[in-house]
Each structure stands twice: as structure tokens, then as C-alpha cells.
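Each value in this text was obtained by applying a stated rule to the coordinates, not by laboratory testing. Everything numeric in this text was worked out from a predicted model, so none of it was measured. Don't worry about glycine lacking a Cβ; one is built from the backbone with ideal geometry, like all the others, and counts go over all protein chains shown.
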Amino acid sequence: MDGTAQRSGRLMLDADAAPGEYAGRVLRRLSAGPWTRAGLLAIALGFACYGLVSQWPQVRAAVGQLAAYDVVGAVLAVLAVLAVVAGLGCMMLAWRALLTNLGSPLPLPAAIRVIFLGQLAKYVPGALWAVAAQVSLAQDYQVPKKRSGTASLVSMAITLVVGLVMAAVTLPLAYAGALRQYW
């Protein structure tokens, strides 16, 4: 078979595969290289810019109707999201440092994968699914179960203590009797 026939034959075989298998192969091909991802991002940003430019008169009219407190609220919301992302990044770095101190250093991309994919398990009912997911994901990098479990539990304790300290510091700013009421 020539190259075109092989490619079309492969496409026909892919089309005959189960939908999940085919979608997985397509996603792997699309995300195979950094240039492909950058190209897809550029295409998406191009469409977003085109939509904004093509609708500019309506956008400008809508922006002109915004009140100052709406803009301030939006800016504060963006700052809050950035603070949350920074907090999650610090949590991941603390977990990685704990794991390193326990004797299992992980490269940054591996730590990001383990922590943030493991955090998705928090949405499954039950308290310790995130820890179980992190322990399982860390095994892919030859981290012993006890070490990754210990690092995850200590990291959770540190996060709890930091959250309590931050609540104690910021609660009085809410109103004068807040600290007394919630203590």
C-alpha cells in the first residue's frame, strides 16, 4: 500500500474502533508535542479575538454601561482567583518538599501531576479519596505508599493550620464581634 492508502486505511480502522478508544488516540495525537498544543492555543485565541473584534460595537456599548463597582468587583474576583491559584501552587510545593525530606524527591512536573490529579478525587464522596489518589499516582514515580501517604496527610494538616491562622487574622476584619462570635 502507498502512504495515502495506509493513512486512509488507518483512519478507517480508527473509525471502526470503539468511540472511547478513537477519541483517546485523537487526543494523544493532538497533544503529542508542544508545537501542536501551541498551535491549538493560537487558533483558539485567534477565534476569541475575531469574535471580540467582529462584535466590537456591542462590546463597547456594554462596557460603557458598566458601573464602577462592577469593574472593581471583577478586578477583585480576578485577584481572588489568582490568590487561590497561588495558594494551590504553594500547597503543591509544600507537599513536594515534604516528600523530598522523606526521601523521595519528585521533579516538578511529576509533583504537579500527582497533586492536582489527586485533588480531583476530593469530589468523590468520602474524606480520604484525594490521599488515596495521590498515593496511587505517586507510585508511578516509584514513591513508596507510606511516604506519599505521610506527605499527603502532613500537607493536609499544614493546610488546615494555615487556613485557621488566616481565618483568625481576617475574621476581625469582617465585623467587630466576628472573632468573639465564631470563637
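Summary of values
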| item | result |
| --- | --- |
| Theoretical FRET efficiency, 1/(1+(r/R0)^6), r = Cβ-Cβ of residue 174 and residue 47, R0 30 Å, to 0.05 | 0.10 |
| log10 of Debye I(q)/I(0), alpha-carbon scatterers only, for the stretch 42-175 at 0.10, 0.14, 0.15 Å⁻¹ | -0.55, -0.80, -0.85 |
| Estimated vicinal HN-Hα couplings, Hz - the stretch 70-85 in sequence order (Karplus 6.51, -1.76, 1.60; Gly, Pro = x) | 5, 5, 4, x, 5, 5, 5, 5, 5, 5, 5, 5, 4, 5, 5, 4 |
| Estimated FRET transfer efficiency when R0 is 35 angstrom, pair residue 156-residue 66 (beta carbons, to 0.05) | 0.30 |
| Segment residue 128-residue 100, extension gain: residue separation times 0.36 nm, minus the distance between their alpha carbons | 7.9 nm |
| Added length on full extension, which subtracts the Cα-Cα distance from 0.36 nm per residue, residue 140 to residue 93 | 15.0 nm |
